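FYI, it's all coordinate maths here, none of it is from the lab. From a predicted model like this one, the values you see are computed outputs, not experimental measurements. Every residue, glycine as well, gets a Cβ built from its backbone with ideal geometry; the counts of neighbours run over all protein chains shown.
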Amino acid sequence: MNKLTAFLVIILSAISCKNERLPILGQTTTDNETGEVLHYKAPSFNLTNQLSSSVTEADFKDKIHVVDFFFTSCPTICPQMTNHLKLVEKVFMKEDRVAIISYSIDPKNDTPEQLKRYAKNYDIDNNKWTFLTGNSETIFELSKDYKVRAFDDSNDLGKNLIHDGTFVLVDGSQRIRGYYNGLEEMDTKRLIKDILTLLKE
């Protein structure tokens, strides 16, 4: 039994013993007519994936998904983040209700072809994991809507794209359910545990 399998056995046993429920994050509003509490929703989008297909948030309706922001030429934290998301991909490879979305903050260079090469280099399943590119201003606005840090600080001295290493957990109703440090394996395991919890809701 490898470490990941052993971890899952422990987590599944713990979840089966407790009726956990993850918080729903973000501000709430109230419907003036019905009095219903409305939760903050992750943003809508219309971008292009690594297969040159148009993708919107509707493609992830009823799917739990993990979101991050990255770029393929990032020499520092992105490879580590991608490797941690590979753990998520491996655990939920056969679970159609779970997906991964990675938004590129360098759309000028991260064309669909480049994103496809990146996916191939990491042996990523294009059906499970969607890489998205589009207008840079749109993508930076999306990062704000997800409440994570990503911006372009480039100047005459060269390119300087900034982003944090956060993973965002979104449920099938587009509600944000958790934030995780994508640079830490232990926090990635916490993410996996929380996805398993959402699958039982």
Checklist outcome for this item: trypsin sites (Lys or Arg not before Pro) in the stretch 99-130 lying in a DSSP loop, each with at most 13 other Cβ atoms within 10 Å of its Cβ, come to LYS108
Checklist entry - Can you give the Kirkwood hydrodynamic radius of the stretch 85-174 from its Cα pairs, in Å with one decimal? => result 14.5 Å
Checklist entry - Reachable aspartates and glutamates from LYS144, Cα under 19 Å, same-chain residues fewer than 8 places away excluded? => result GLU57, ASP68, ASP106, ASP152, ASP153, ASP164, ASP171
Checklist entry - For the chain, what is the mean residue ellipticity at 222 nm derived from helices alone (per DSSP H run of n ≥ 4: -39500 (n - 2.57); sum divided by total residues; nearest 500 deg cm²/dmol)? => result -10000 deg cm²/dmol
Checklist entry - Taking N as the number of residues in the stretch 3-199, what is its Cα Rg relative to 2.2 N^0.38 Å? => result 1.04
Checklist entry - When DSSP assigns beta bridges and you keep just the ones with both residues in the chain, what percent turn out antiparallel, to the nearest 5? => result 65 percent
Checklist entry - Going down the table (LYS63/LYS193; LYS120/LYS193; LYS86/LYS147; LYS41/LYS63; LYS61/LYS120; LYS41/LYS128), which pairs top 18 Å between alpha carbons? => result LYS120/LYS193; LYS86/LYS147; LYS61/LYS120; LYS41/LYS128
